[in-house]
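One structure is given below, encoded as structure tokens.
The values are calculated or read from the model by the stated rules, or taken from the named source; none is laboratory data. Model, not experiment: these values are computed from the prediction. Cβ placement follows ideal geometry from the backbone for every residue including glycine, while neighbour counts extend to all protein chains displayed. Calculation scope for accessible area: heavy atoms of the full protein, side chains included, ligands and nucleic acids excluded. Shrake-Rupley method; radii C 1.70, N 1.55, O 1.52, S 1.80 Å.
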Amino acid sequence: MSRRSISLLLLTVALGLLVAGGFVQFDDTSGFGAEQWILPLGGLAFVPALASVVTAWPDPKARLWLGIVLAALTGLLIWESISDDGFRFIWSRSEGELALLEFATGLVAFVLIANGVQPAAADATAMEPGVTQQPGPGRWLVRTAAYLCGTIFVVLVVIKAGADYYARTECPEEGDCLAPIAGFVWGAVAVPVCGLAVLVIEIVLWRRRRRNTAEVGGG
């Protein structure tokens with residue numbers, strides 16, 4: 001089997017595990033996913049989903065096909081959330097998780113499609129005599145999407161860690177607990193930290209490009 005077929009099969013398995021685990025429902029109007037989750041299946045779904053991207057990445061055509069499928073899936077999720085009141089994707093108890101899923105699948109689709117289309121143009125340019133292959137402007141878009149994905153992941157992890165820490169150390173056994181607010185404060189602090197990390201990465205890449213250009217020019 002080709003990488004394209006294997007990656008699409010792995011994505012199908014991941015979606016099937018989410019549906020079997022009760023995380024995706026089409027007839028729930030409670031707003032809470034009917035609390036029918038099978039958590040082990042939800043965690044297991046991450047494995048084939050990640051493996052799908054890893055499998056497709058070395059092959060530009062596989063990246064392009066997987067990106068197109070994920071883009072179509074994102075559109076389908078958006079359409080279902082608008083047209084079907086009973087459609088739910090809920091990981092815990094928040095309907096906002098559907099929006100996060102749509103955003104994440106859209107970003108991954110964008111990265112895959114951008115990296116799937118660009119190598120073909122680069123190869124064609126490289127075939128021309130006397131032409132030095134240069135990174136196209138799409139690389140900036142790809143890095144931007146990657147930075148957004150990384151920032152969102154870090155912020156979500158920090159929010160969870162902050163809420164758990166506050167709940168363990170500050171919340172009384174009885175009464176209101178402000179752990180969710182503390183988690184969002186931690187997440188807000190993580191945003192500029194991630195921005196600083198992005199700035200450092202871009203400076204390092206810029207200096208590396210300048211050094212490579214100088215070496216080529218000197219040679």
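Figures for the structure shown
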quantity: The listed residue being at pLDDT below 75, part of a loop (DSSP other than H, G, I, E, B) and open to solvent by 50 Å² or more (accessible area, probe 1.4 Å), out of Glu173, Glu215; calculated: Glu173
quantity: Residue satisfying condition, being out of contact with any Cys (no Cβ under 6 Å at 6 or more places or on another chain), of a type in the set (A, V, I, L, M, F, W, C) and modelled with pLDDT of 85 or more, within set Ala71, Ala182, Ala104, Ala124; calculated: Ala71
quantity: Count of residues meeting criterion [modelled with pLDDT of 85 or more and among the polar types (S, T, N, Q)] in region 129-170; calculated: 1
quantity: Selection status of Val117, more than 30 Å from Met1 (Cβ to Cβ), in contact with a helix residue (DSSP H, G or I) (Cβ under 9 Å, 6 or more places away or on another chain) and either surrounded by fewer than 19 Cβ atoms within 10 Å (Cβ to Cβ) or at pLDDT 75 or above (or both); calculated: no
quantity: Residue match in region 22-44 (condition: buried (at least 18 other Cβ atoms within 10 Å of the Cβ), out of contact with any strand residue (DSSP E or B) (no Cβ under 7 Å at 6 or more places or on another chain) and at pLDDT 85 or above); calculated: no
quantity: Residues that are farther than 28 Å from Val155 by Cα and open to solvent by less than 100 Å² (accessible area, probe 1.4 Å), drawn from region 183-212; calculated: Arg209, Asn212
quantity: Filtered residues of region 151-170 (kept if surrounded by fewer than 14 Cβ atoms within 10 Å (Cβ to Cβ) and within 20 Å of Val108 (Cα to Cα)); calculated: Phe153, Val157
